[in-house]
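These notes are about the structure you will find just below.
The values are calculated or read from the model by the stated rules, or taken from the named source; none is laboratory data. Please read all numbers here as calculations on a predicted model, not as lab measurements. Note that we place each Cβ from the backbone using ideal geometry, even for glycine, and neighbour counts take in every protein chain shown. These accessible areas exclude ligands, DNA and RNA; they are computed on the full protein's heavy atoms, side chains included. Shrake-Rupley method; radii C 1.70, N 1.55, O 1.52, S 1.80 Å.
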Amino acid sequence: MINKKIRLIELFGGVGTQAMALHDLAIANGLKPGDIFEHYKLIEFDKYPVKSYNAIHGTNFEPMDITEISGEDIDVKEPEKYTAIWTYSFPCQDLSVAGKQLGMDEDSKTRSSLLWQVKRLLNEVSNLPDIFLMENVTQVHSKKNLSNFNKWIEFLESKGYHNY
């Protein structure tokens, strides 16, 4: 159960669909979205989705490249006061059947290998997120990508996370 205000960190955040879900959840429960969560950090390198995100959510984020930030840049301060939720929708073009299916091998330099930047950030922060939510295409755990997916799950478990 979440009993503290949420600080939302969206990695590969696009226009903020995860924030939209939290917003809608608050409204559906008769609450003001700002009372339950705040847009803490947006990590998105493309200026156009960032501009849309800001227009939709009333924020003022600047584009940020995940390869150029450190854990300190997104670490949630005052963890005793906040529930930190990280969402990550890393690029799926190299996994999707609509793409070239180049995979997500660590250090492969594919767009989908940016997942491993999330690993780096988790290793750098002083306060791990309380909740860590991944969104991606079903091919992330297909036969071709299963070894990488399992490697990812094992890493998360080494950090103390339970995966569903």
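In the stretch 15-27, the residue that is least open to solvent (accessible area, probe 1.4 Å) out of those that are over 13 Å from T59 (Cβ atoms) and among the small types (G, A, S) is A26.
One residue alone among T59, T83 is over 17 Å from the mean Cα position of the chain (by Cα) and either modelled with pLDDT of 95 or more or farther than 16 Å from L121 by Cβ (or both), and that residue is T59. Please indicate, with yes or no, whether at least one residue in the stretch 127-149 is touching a strand residue (DSSP E or B) at 6+ places or on another chain (Cβ under 7 Å), closer than 17 Å to I74 by Cα, open to solvent by less than 30 Å² (accessible area, probe 1.4 Å) and at pLDDT below 95. Checked against the condition, which is being touching a strand residue (DSSP E or B) at 6+ places or on another chain (Cβ under 7 Å), closer than 17 Å to I74 by Cα, open to solvent by less than 30 Å² (accessible area, probe 1.4 Å) and at pLDDT below 95, the stretch 127-149 yields no hits at all.
Take I43 and tell me if it is under 20 Å from D65 (Cβ atoms) and open to solvent by less than 20 Å² (accessible area, probe 1.4 Å). Answer is yes for this residue. Of the listed requirements (1) on the phi > 0 side of the Ramachandran plot; (2) open to solvent by 50 Å² or more (accessible area, probe 1.4 Å); (3) of a type in the set (A, V, I, L, M, F, W, C), F12 misses just one: (2).
Taking the condition of a type outside the set (V, I, T), at positive phi and under 18 Å from the mean Cα position of the chain (by Cα), does G30 pass? Here the answer is no, as G30 does not meet what is asked. Does I69 qualify as being under 18 Å from A19 (Cα atoms), modelled with pLDDT of 95 or more and among the aliphatic types (A, V, I, L, M)? No: the conditions fail for I69.
For (1) outside any helix (DSSP H, G or I); (2) free of Cβ contacts under 8 Å to residues at least 24 places away in the same chain; (3) of a type in the set (F, W, Y), each residue gets a yes or a no:
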{"position": "I6", "(1), (2), (3)": "yes, no, no"}
{"position": "I9", "(1), (2), (3)": "yes, no, no"}
{"position": "G14", "(1), (2), (3)": "yes, no, no"}
{"position": "G34", "(1), (2), (3)": "no, yes, no"}
{"position": "M64", "(1), (2), (3)": "yes, yes, no"}
{"position": "D73", "(1), (2), (3)": "no, no, no"}
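With respect to T83, is the statement that it is under 17 Å from I131 (Cβ atoms), in contact with a helix residue (DSSP H, G or I) (Cβ under 9 Å, 6 or more places away or on another chain) and buried (at least 16 other Cβ atoms within 10 Å of the Cβ) true? No: the conditions fail for T83. The combined condition, being among the small types (G, A, S), open to solvent by less than 50 Å² (accessible area, probe 1.4 Å), at pLDDT 90 or above and over 21 Å from E135 (Cα atoms), is not fulfilled by G30.
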